[in-house]
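Engineer: Take a look at the following structure, please.
The values are calculated or read from the model by the stated rules, or taken from the named source; none is laboratory data. Please read all numbers here as calculations on a predicted model, not as lab measurements. FYI the Cβ positions are ideal-geometry reconstructions off the backbone, even for glycines, and counts take in every protein chain you see. The accessibility values were calculated without ligands, DNA or RNA, using every heavy atom of the protein model including side chains. Shrake-Rupley method; radii C 1.70, N 1.55, O 1.52, S 1.80 Å.
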Amino acid sequence: DLENRLKQYTIDGILDSGMLEQILEHNIYSPFPEFQSTERPDKAASAILEGRIVLLVDNSPMALILPATLNTFFQASDDAYSRWEVATFKRIIRFFGAFLTVALPGIYIAVINFQAELLSSPMALSFAAARNGVPFSVFFEVIMMEIAFEMLLEAGIRLPGPMGGTIGIVGGLIIGDAAVSANLVSPIVVIIIALTAVSAFTVPNEAFASAFRIIRYLIILLSSFLGLYGFVLGIMILLIHLAGLKSFGMPYLVPFVASDIN
């Protein structure tokens, strides 16, 4: 199947494995990658021993591993060198972090706007006091802070190494504190966005984590209009989409869901 796909295209040049990945993917409109990329030789060798294929491109430090499934993106290279109890605990933390980065802002918006009765009285009063004086809606607060964090992240990547990390930390602290002091956002929104951002970095694969960050905006939008019903609808859309994906004939949700393997 891989050889057939490679023969289908005529292109002037492949500068990096990322270009080849975009050409060979079948689900071009899905944010979730069909290939797993790595720079570590031990990770590539381990994939070969698992019966998977490793694709190398001249002059590229990245190796493409296929087929890829949801579970493989949560496997870090160091898991094989840790005791099984530690590796299992870390894997559970990664799954939980991926869920938080998708669900946490949507749940907050849905509960605050539509289902406030789910909160206990002390928590509801605390949230109301935190939002006292904020002129914007909860949806606009969350979107504003999400975009601000994405801009800080992009700026940190473009700057040199030490300066990029400093800009991310200092910029986040300054913007968050200034926004709360000016009553533009509530402190709880800053906490939720910070937890969401940290949770996204628990996923070992950057391309896979970026897909969750994109899906998060869809769930935020549905939750802002439909409440918890919109949140559940967004999660169902995500699961249905993942269940329909295949990477070179391998269902994406193996071993959790697998109707057939072609």
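Engineer: Non-local amide H neighbours of SER37 (under 5 Å, H modeled in plane, Pro and chain starts lacking H): which ones?
Structural biologist: HN-HN under 5 Å from SER37: ILE65.
Engineer: Give me the number: length gained by fully extending ASN27 to LEU195, i.e. 0.36 nm times residue separation minus the C-alpha to C-alpha distance, one decimal in nm. Show your work: numbers first, answer last.
Structural biologist: Details: separation 168, 0.36 × 168 = 60.48 nm, distance 3.06 nm.
Difference between extended and current length: 57.4 nm.
Engineer: Then there's this: So how much accessible area does ARG40 have, in Å² to the nearest 10, using a 1.4 Å probe?
Structural biologist: Spelled out: ARG40, probe radius 1.4 Å, area about 90 Å².
Engineer: Right, another one. What Rg and what Dmax come out for the stretch 93-136 when only alpha-carbon atoms are used, in angstroms?
Structural biologist: Looking at the stretch 93-136, its Cα Rg and Dmax stand at 12.7, 37 Å.
Engineer: Quick one: Debye curve from the C-alpha atoms of the chain, no solvent, what's log10 I(q)/I(0) at q = 0.13, 0.14, 0.16 Å⁻¹?
Structural biologist: Computed log10 I(q)/I(0) values: -0.98, -1.09, -1.29.
Engineer: Continuing with this model, one more query. What number results when the radius of gyration of the stretch 26-109, computed over Cα atoms, is divided by 2.2 N^0.38 Å?
Structural biologist: This ratio for the stretch 26-109 stands at 1.29.
Engineer: Please list the non-local residues whose amide H lies under 5 Å from the amide H of LEU245, H modeled 1.01 Å from N, same-chain partners needing a gap of 5 or more.
Structural biologist: The answer is TYR252.
Engineer: Sticking with this structure for a sec: Apply 1/(1 + (r/R0)^6) to the Cβ-Cβ distance of ALA243 and LYS7, taking R0 = 25 Å, and write down the FRET efficiency to the nearest 0.05.
Structural biologist: 0.25
Engineer: Taking the Cα centre of the chain as origin and charging only Cβ (+1 Lys, Arg; -1 Asp, Glu), how large is the dipole, in debye to the nearest 20? Intermediate results must be reported in sequence, preceding the final value.
Structural biologist: Numbers: 14 positive and 22 negative charges, 102 e Å.
Result for the chain is approximately 480 debye, rounded to the nearest 20.
Engineer: Please compute P(r) over all alpha-carbon pairs of the stretch 106-232, binned at 5 Å starting from zero, and give each bin as a whole-number percent.
Structural biologist: With 5 Å bins starting at 0, P(r) equals 2, 10, 18, 21, 21, 14, 9, 4, 1, 0.
Engineer: A follow-up question, please. With everything on Cα atoms, drop me the angle between helix 206-226 and the longest principal axis of the chain, reported from 0 to 90° to the nearest 10.
Structural biologist: Tilt of helix 206-226: around 40 degrees.
Engineer: May I ask you to list the residues of the stretch 185-220 whose amide nitrogen lies under 17 Å from a point 7 Å from Cα along the Cα→beta-carbon direction of ALA87?
Structural biologist: Inside the label zone: 204-205.
Engineer: Find how much the distance from GLU50 to MET144 grows on full extension, using 0.36 nm per residue of separation minus their present alpha carbon separation; answer in nm with one decimal.
Structural biologist: 29.5 nm
Engineer: Moving on to the next point. What do you get for the angle between helix 187-200 and the principal long axis of the chain? Use alpha-carbon atoms, 0 to 90 degrees, nearest ten.
Structural biologist: Taking the Cα atoms of the chain, the angle to 187-200 is about 10 degrees.
Engineer: Starting from the amide H of SER82, placed 1.01 Å from N in the peptide plane, find each other amide H under 5 Å away whose residue is 5 or more places distant or on another chain.
Structural biologist: none
Engineer: Rolling a 1.4 angstrom probe over the protein heavy atoms, how many square angstrom per residue are accessible across the stretch 61-151?
Structural biologist: Value returned for the stretch 61-151: 52 Å² of accessible area per residue.
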